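Asker: Quick one: this structure, given as structure tokens, is what I'll be asking you about.
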Amino acid sequence: MSYIDDIIADVEKKNDNQYEFLQAVREVMNSLRVIVDREPVYEKMGVLERLVIAERTIIFRVPWVDDAGKVQVNRGYRVQFNSAIGPYKGGLRFHPSVNLSVMKFLGFEQTFKNSLTGLPMGGAKGGADFDPKGKSDGESMRFSQSFMTELARHIGPDTDIPAGDIGVGAREIGYMYGQYRRMTNTFEAVLTGKGVGWGGSLIRTQATGYGLIYIIEEFLHGRDDSIKGKKVVISGSGNVAIFAAEKAQELGAVVVSMSDSNGYIYHKSGINLVTVKDIKLTKRGRISEYAKVHTDAVYTEAGKGRVWDIPCDVALPCATQNELDLGDAKKLVAGGCKIVGEGANMPTTQEGTEYFLSGGISFFPGKAANAGGVATSGLEMAQNSARLYWSEEEVDMRLKGIMTGIYHNINDSAREYGKPGNFVLGANVAGFKRVAKAMLDQGII
Ligand code: NDP
Ligand code: 2IT
């Protein structure tokens, strides 16, 4: 058995029912074979053993009172995975599917993603099995305040800086920040994604989606091509999906579909984003309403078809983990898809990923492709530390620079380790090297 095989076997034994966490660990470990086999120092210093265990995992009770006066209780989490290169940083997810496995996979992935940004940020993730769907502002506020009341003792501007993720947007960040400020009597930069005007950075809202398009555009430029005129299929219709669609359209792509957990819309002539934003961001409605506004668009309910059935050039999964499986991957490739960019975290199953890679599809893994969000969180922290604000142009320029840099880093790393074009391997190895170097430099901790 090799060092990597031992690590995988041990993680499997100790986390046997944590499907998502195991999936993420296996993928990274398999990529690292090329570097760990060459450099015995990693094994001698137990780097991988340390890397696969979170530095700290916090699980807590979140009690709150709903509008009917009934007490509700949710389970809250913060997994502080690795702080070798900077304070813990990563989003908070509020979704009924949140459990320890999901939190651990996200915290593990975040460690490598944050490393790829080049900024000083360690990896963490948190959240709760709370469902924000259909909750009033009052319910969302009471839940968020209760969640922060416990979380506050574990975070801080130089310790751990959470942000948004699925189900956590401007509304929830506002309520959580307010509670933290009240509890601590400080105006500290303890969350990112804050409102513009009270510490938030311009472009943070758009950053993940924009960054996803920037990395693909940089790749295409290297081939004297661009996204202009390309047919793009997007899943999800939340923060990441909407702003990926916006930047793709701005650069001349034709975005033909978006979805939510109830179904997807197909609009051959191109999605009207004003309508999507009105339904999703203003009214918190369902994507099915789009087809009532645009009668030439077709709505298909979940279960009766998949967004990946639509032929396209570029597919951007921007909803959730494991939303694109082997069958979907085969459909996409048969439909002419040449590029897949993961806006979501681990949206493609292991079998789907392998199919894309073996079929020569240009596949951009989430930890590289969606790093623009956390990178811009890093820029928000830099502005907060300097106690000033940068212009929209300045933040956007820096975001573009970071995404361009990530592309070249993962591309070079894939080549260096003998797998040109394999950005999964490139991202895992490049992300790992920076974290591992910091761990080696800092001793056995
Ligand atoms: P939002 O809550 O804004 O939107 C999520 C979207 O995905 C919604 O359309 C939602 O549909 C859909 N979705 C969520 N869960 C499921 C599910 N189990 N099945 C089907 N559809 C689902 O979240 P974000 O846009 O912020 O996040 C989307 C993805 O991007 C996540 O994987 C997140 O981790 C990742 N990400 C987010 C970043 C950010 O800055 N926000 C940064 C980097 C990655 P419905 O409304 O029906 O639930
Ligand atoms: O998955 C992610 O990178 C995020 N949800 C953003 C994290 C952040 O700290 O901005």
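The values are calculated or read from the model by the stated rules, or taken from the named source; none is laboratory data. Owing to the predicted nature of the structure, the values given are computational and were not obtained by experimental measurement. Every residue, glycine among them, receives a Cβ derived from its backbone with ideal geometry; neighbour counts consider all protein chains shown. These accessible areas exclude ligands, DNA and RNA; they are computed on the full protein's heavy atoms, side chains included. Shrake-Rupley method; radii C 1.70, N 1.55, O 1.52, S 1.80 Å.
Asker: Expressed in nm to one decimal, what extension gain is obtained for the pair residue 386 and residue 281 from 0.36 nm per residue of sequence separation less their Cα-Cα distance?
Answerer: That pair, residue 386 and residue 281, stretches by 34.7 nm at full extension.
Asker: In whole percent, and with a 1.4 Å probe on the protein chains, what portion of the accessible area of the chain is carbon and sulfur?
Answerer: For the chain, the apolar C and S fraction of the accessible surface comes to 51 percent.
Asker: Ordered by residue, what ³J(HN,Hα) values in Hz, to whole numbers, does the range 6-17 give under the Karplus form 6.51 cos²θ - 1.76 cosθ + 1.60, where θ = phi - 60° and Gly and Pro are x?
Answerer: With coefficients 6.51, -1.76 and 1.60, one gets 4, 5, 4, 4, 5, 5, 4, 5, 8, 9, 4, 10 Hz.
Asker: Could you tell me how many cubic angstrom of Cα convex hull volume the range 29-186 has per residue?
Answerer: 115 Å³
Asker: Right, something else. To check my understanding: the extent here is largest minus smallest coordinate of the Cα atoms along each principal axis. What are those three numbers for the range 203-339, in Å, largest first?
Answerer: Per principal axis, max minus min of the Cα coordinates gives 40, 35, 29 Å.
Asker: For the range 218-281 and the range 380-445, what is the centre-to-centre distance using only Cα atoms, to the nearest Å?
Answerer: 25 Å
Asker: Could you do me a favour and compute the accessible area per residue for the range 35-161, 1.4 Å probe, result in Å²?
Answerer: 38 Å²
Asker: Still on this model: Could you give me the percent of Cα pairs per 20 Å distance bin for the chain, shortest bin first, beginning at zero and ending with the bin that holds the maximum distance?
Answerer: Percent of pairs per bin, in order: 26, 60, 14, 0.
Asker: Identify all lysines with a Cα-Cα distance to residue 113 below 22 Å; exclude those on the same chain that are fewer than 8 residues away in sequence.
Answerer: In chain and number order, the partners are 89, 104, 125, 194, 247, 367, 400, 419, 433, 437.
Asker: I've got another one for you. Could you run the Karplus curve 6.51 cos²θ - 1.76 cosθ + 1.60 with θ = phi - 60° over the range 386-398 and give me ³J(HN,Hα) per residue in whole Hz, x for Gly and Pro?
Answerer: Here the 3J(HN,Hα) series is 7, 6, 8, 10, 9, 6, 4, 4, 5, 5, 4, 5, 5 Hz.
Asker: Which ³J(HN,Hα) values in Hz, rounded to whole numbers, follow from the phi angles of the range 356-364 under the Karplus curve 6.51 cos²θ - 1.76 cosθ + 1.60, where θ = phi - 60° and Gly and Pro get x?
Answerer: Per residue, the Karplus-derived 3J(HN,Hα) values read 4, 5, 6, x, x, 6, 7, 10, 9 Hz.
Asker: May I ask you to order 8-18, 394-404, 350-360, 71-81 by the average number of other C-beta atoms within 10 Å around their residues, highest value first?
Answerer: In descending order of packing, they fall as 71-81, 394-404, 350-360, 8-18.
Asker: Counting only DSSP beta bridges with both residues in the range 51-189, tell me the antiparallel percent, nearest 5.
Answerer: Of those bridges, close to 65 percent are antiparallel.
Asker: To the nearest 0.05, what FRET efficiency results for residue 159 and residue 226 with a Förster distance of 35 Å applied to their C-beta separation?
Answerer: According to the calculation, E is roughly 0.25.
Asker: Could I have the simple spin-label model distance between residue 358 and residue 186, label points 7 Å from Cα toward Cβ, reported in nm to one decimal?
Answerer: Label at residue 358, label at residue 186, 5.2 nm between them.
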